[in-house]
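Participant: Have a look at the structure that comes next, please.
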Amino acid sequence: MTLNEVTISRAILEEQHQAIIDYLEMDAAVVGGGPSGLACAALLGEKGVKCALIEKKLSIGGGMWGGGMMFPRIVVQDEARRLLDRFGITYREFEPGYYVAKSVETVSKLTAAACDAGVEFFNLTTVEDVMIRGDGRVGGLVINWTPVDMAGLHVDPLTVACTCTVDATGHDAMVARMIERKGGRLQVKGESFMWAERAESQILDHTREVFPGLFVTGMAANAVAGECRMGPIFGGMLLSGERAADLVAARLGR
Ligand code: 48H
Ligand code: FE2
């Protein structure tokens, strides 16, 4: 078989072009591919929700790759162990109630689960604004290529429509902050001090619809609420992603 370079180029361009067009309208957009966003997207996909995950970086995984201070292991507590099992992530019990997993395996298996569930990934894509029309809901996202943002180029973005948006952008709660900055009725209090027990026990309460059409999960949920941080324990991230998926699915009537 002879290989044609132009056919290779055409395959990539046509497939990705079609994917972008297919996702100009979707049920749910998850912004951010860290642990909470990945878990949320995977579980939404499993529920049959048309869902895309938009990640500004080249790689998916957010803050989980680095584990704790670049030791690529994460700790998960009892309450979230069933999610490690659900995604086929291996772990070791360190002490009763403390399970240790490998960062790379955890990111990879969450990502694989989302792929298997039909989630579409748009990496290297930055959400730079939201669309809010007369109904006062977040009805879409304004996106651009990350390198455009990095280079400071003046290139106008494109817009995709989504019934529900999940802010899974981590510590910065970027989507919520965009709404706050433009005068929407939403206050991002900013995260508080390290207190793992408190941060992990409160995160599910903070995982909610904070503005019509906008749900927050993971570290973004605690940042909006002014809640504590927890360090490299990730059970709350997975459980929060699951909660966000349940809330979005309920909103969509699934
Ligand atoms: C597209 C964007 C944009 C944008 C950001 O930080 P993350 O890993 O987020 P979580 O909440 O799933 O997990 C938090 C966890 O990693 C962590 O930091 C913990 C537990 N910290 C505790 C502590 O005490 O420090 O992932 C967020 C993702 C990243 O991949 C970003 O690149 C991405 O969101 N992102 N994607 N458009 N505008 N902003
Ligand atoms: Fe962090």
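Throughout, read-outs are computed from the coordinates displayed, never taken from laboratory work. Owing to the predicted nature of the structure, the values given are computational and were not obtained by experimental measurement. Cβ placement follows ideal geometry from the backbone for every residue including glycine, while neighbour counts extend to all protein chains displayed.
Participant: Go through segment 68-80 residue by residue and turn each phi into a ³J(HN,Hα) via Karplus (6.51, -1.76, 1.60, θ = phi - 60°); whole Hz please, and just put x for glycine and proline.
Facilitator: Those phi angles translate into x, 6, 6, 8, x, 10, 10, 10, 10, 8, 3, 4, 9 Hz.
Participant: Which one, 39, 163, 62, projects farthest toward the positive side of the charge dipole computed for segment 26-252 from Cβ point charges (K/R +1, D/E -1)?
Facilitator: It is 163.
Participant: Running a GNM on the chain with Cα contacts under 10 Å, which residue among 223, 80, 168 ends up with the highest mean-square fluctuation?
Facilitator: Among 223, 80, 168, the largest mean-square fluctuation in the Gaussian network model of the chain belongs to 80.
Participant: Mind ordering 174-182, 5-13, 20-28, 235-243 by average Cβ neighbours within 10 Å, highest first?
Facilitator: The peptides rank, most packed first, as 235-243, 174-182, 20-28, 5-13.
Participant: Taking only DSSP H segments of four or more residues, each worth -39500 (n - 2.57), what value at 222 nm results for the chain once the sum is divided by all its residues, to the nearest 500 deg cm²/dmol?
Facilitator: Mean residue ellipticity at 222 nm (helix-derived): -12000 deg cm²/dmol.
Participant: Relative contact order for the chain: what is it in percent, counting Cα pairs under 8 Å that are at least 6 residues apart?
Facilitator: For the chain, the relative contact order is 24 percent.
Participant: Give a residue-ordered list of calculated ³J(HN,Hα) values for segment 214-221 (Karplus: 6.51 cos²θ - 1.76 cosθ + 1.60, θ = phi - 60°; whole Hz; x for Gly, Pro).
Facilitator: After applying 6.51 cos²θ - 1.76 cosθ + 1.60, I find 10, 10, 10, 9, x, 4, 4, 5 Hz.
Participant: In nm, to one decimal, how far is the residue 5 label point from the residue 93 one, both placed 7 Å along Cα→Cβ?
Facilitator: Result: 5.9 nm between the two label points.
Participant: Given an 8 Å cut-off on Cα distances and at least 6 residues of separation, report the relative contact order of segment 1-134 as a percent.
Facilitator: For segment 1-134, the relative contact order is 29 percent.
Participant: Further question: Can you give the FRET efficiency to the nearest 0.05 for residue 82 and residue 194, using r as the Cβ-Cβ distance and R₀ = 30 Å?
Facilitator: In this case the efficiency is close to 0.70.
Participant: For segment 26-252, what is the charge dipole size about the Cα centre, in debye to the nearest 20, if Lys and Arg each add +1 at the Cβ and Asp and Glu each add -1 at the Cβ?
Facilitator: Taking the Cα centre of segment 26-252 as origin, the dipole is about 140 debye.
Participant: Scan around residue 128 for amide H atoms under 5 Å from its own, H built in the peptide plane at 1.01 Å from N, and keep only partners 5 or more places away or cross-chain.
Facilitator: Residues meeting the amide H criterion: 142, 143, 144.
Participant: Counting other Cβ atoms within 10 Å, keep those with at most 15, restrict to DSSP loop, and tell me which trypsin sites (Lys or Arg not before Pro) in segment 55-85 are left.
Facilitator: Hits after loop and neighbour filter: 57.
Participant: Next question, about the same structure. Once the cut-off is 23 Å, how many percent of the Cα-Cα pairs in the chain end up in the long-distance tail?
Facilitator: 49
Participant: Moving on. Once amide H atoms are placed 1.01 Å from N in the peptide plane, what residues at a sequence separation of 5 or more from residue 164, or on another chain, have their amide H within under 5 Å of its amide H?
Facilitator: Under 5 Å from the amide H of residue 164: 28, 29.
Participant: Between the alpha-carbon centers of segment 1-75 and segment 80-146, tell me the distance in whole angstrom.
Facilitator: So the separation of the two Cα centres works out to 9 Å.
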